[in-house]
1. Using the structure shown, list the pairs from Lys292/Lys399; Lys292/Lys420; Lys24/Lys117 with a Cα-Cα distance above 24 Å, or answer none.
2. Relative to the present Cα-Cα distance, how much length would full extension add between Val119 and Arg256 at 0.36 nm per residue of separation?
3. For every other residue with a beta carbon closer than 13 angstrom to the beta carbon of Arg35, add +1 if it is Lys or Arg and -1 if Asp or Glu, then tell me the sum.
4. For segment 255-356, I need the span (max minus min coordinate) of the C-alpha atoms along each principal axis, in Å, sorted largest to smallest.
5. Could you derive backbone 3J(HN,Hα) for segment 112-118 from the dihedral phi with the Karplus parameters 6.51, -1.76 and 1.60 (θ = phi - 60°), listing whole Hz in sequence and x where the residue is Gly or Pro?
6. Would you order Val373, Val176 from fewest to most other beta-carbon atoms within 10 Å of each residue's own beta-carbon?
7. How big is the convex hull of the Cα atoms of segment 1-136, per residue, in Å³?
8. Just to verify a number: FRET efficiency for Gln435 and Glu199, C-beta to C-beta distance, R0 = 51 Å, to 0.05?
Amino acid sequence: MENKHVIVIGGGLAGSEAAYQIAKRGIPVTLYEMRPQVMTPAHKGGELAEIVCSNSLGSLDIDTSGGLLKSELQRLGSFLLEKAVDARVPAGHALAVDRKKFSQSVTEGLSKMENLKVVREEIKKIPQEASVILASGPLTSGDLAIDVMRLTERKNLFFYDATAPIVEASSIDRSVVFSASRYDRGEGDDYLNAPFTKEEYLRFYNALIRAERVPLNEAEDPTFFEECLPIEEIASRGERTLAFGPLKPVGLIDPRTGERPFAVVQLRQDDLLAENYQLVGFQTRLTWSAQKEIFRLIPGLENASFTRFGVMHRNTFVNAPLVLERTFQTKKRNSLFIVGQLSGLEGYTEAIASGLLAGLMAVRALLGQPLAVPPPTTALGSLAWAISRADFRRFQPVKFSFGLLDPLEQRVKEKRERRKALAERATQDLETWIQRYSIL
Ligand SMILES: Cc1cc2nc3c(=O)[nH]c(=O)nc-3n(C[C@H](O)[C@H](O)[C@H](O)COP(=O)(O)OP(=O)(O)OC[C@H]3O[C@@H](n4cnc5c(N)ncnc54)[C@H](O)[C@@H]3O)c2cc1C
């Protein structure tokens, strides 16, 4: 293993998993973590793999998206998932952890590994020598973020989170919401459209401008980017700004009335299976309870079930389809990998998943073995494929859901049955990949 060495920058969820996978395979790793000397606005201590917010890693049920992803991680011997299960606290079907126990046991476990050295130091520039895995997360420190900006030619790096809420397709009232593209351009049913009468719009507007917002952390930059203003900020500029802006009804006719509505909320399909739709232009920093209450005032969304709420906090992530291969290698330098939230994935389990995959890929690259991520019919593979083949013009962080998987060859109408079939196929295909490339 002489001359073979990997540098991992960032001892969060992705970096810790990557470092473990590499060291376990006998390749020396140096893991750089800047805490506790230099802190981020969200982390509280110096342990590795600190969980910054909710202590839940989501469901463990195999017929849920979180459960399928975790079962694949377990099959591949994820170190962080093992530690999460050890630190589990009661939370129904969800894997919630005692965050202190979790991060302490990850820190302890990694510190004992023979080939792994943990160095507490802030890295300010991406090292040019050796194989490097960049896992510095959504709160990457300043100098390093500037260097990433150089690498991604500035325009391909985002410093803010702009996620809009996503709702389950089955919870949308299709007797009110209609399919259409503006001026009938596109495929006709590219968007779902929730039409407002004037009265409905004013009720929504008045509730929106008064709704509770999540206060910004002192350390966060309160300046919003014009292209990505929260919906409530746009609304606060005047009664009609939404109706002339993201809710403009031009080119749309409500088939129930044969007329143009006063305003329209467009919903865009969010996954291949059309199980989820995102509210277009609805990036927001309203509290989750306010989002539930206010967005259900939109006609047709009265019973909306939210797959994901909108969030707005500082978030550094690359425009993955422009910057990354599906192996998490950068297009410009194949010995440099970007993982975790910085790679354009969203969520704790997704961060662990990308760390695991990139760790495997870095080892294979050093050993001269072929690089191949799992197929897009698996949860792990679908994440890798999703970031590399997404539309770069509207790239937003990717979270795993069944809709990311390649569709089944034969259509299964019933949701539970469909998910079961997708999960079974994923499990089989992961197994085939493991055998084919002798992964374990
Ligand atoms: C405020 C906030 C709340 C979130 N809440 C949730 C949630 O509830 N549920 C969820 O699923 N996801 C949440 N996320 C999103 C995401 O899943 C987590 O941020 C997750 O921890 C990402 O994993 P990561 O490994 O990419 O980054 P991190 O876990 O943040 O790890 C990055 C590590 O790199 C270190 N680092 C940064 N810069 C340097 C440097 N220059 N040199 C050395 N080390 C450096 C940091 O100290 C950190 O330890 C949240 C994100 C944020 C910012």
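Just so it is clear, none of the values below were taken in a lab; they were calculated from the coordinates. The structure presented is a predicted model; accordingly, all values stated were derived computationally and were not measured. Cβ placement follows ideal geometry from the backbone for every residue including glycine, while neighbour counts extend to all protein chains displayed.
1. Lys292/Lys420
2. Result for the pair: 42.9 nm of gain on full extension.
3. Local charge sum for Arg35: -3.
4. Projected onto the principal axes, the Cα atoms of segment 255-356 cover 58, 30, 23 Å.
5. Each residue of segment 112-118 in turn: 7, 6, 4, 8, 10, 10, 9 Hz.
6. Val176, Val373
7. Working: hull volume 14.5 nm³, N = 136.
Normalising the Cα hull of segment 1-136 by residue number yields 107 Å³.
8. With R0 = 51 Å, the Cβ-Cβ based efficiency is 0.25.
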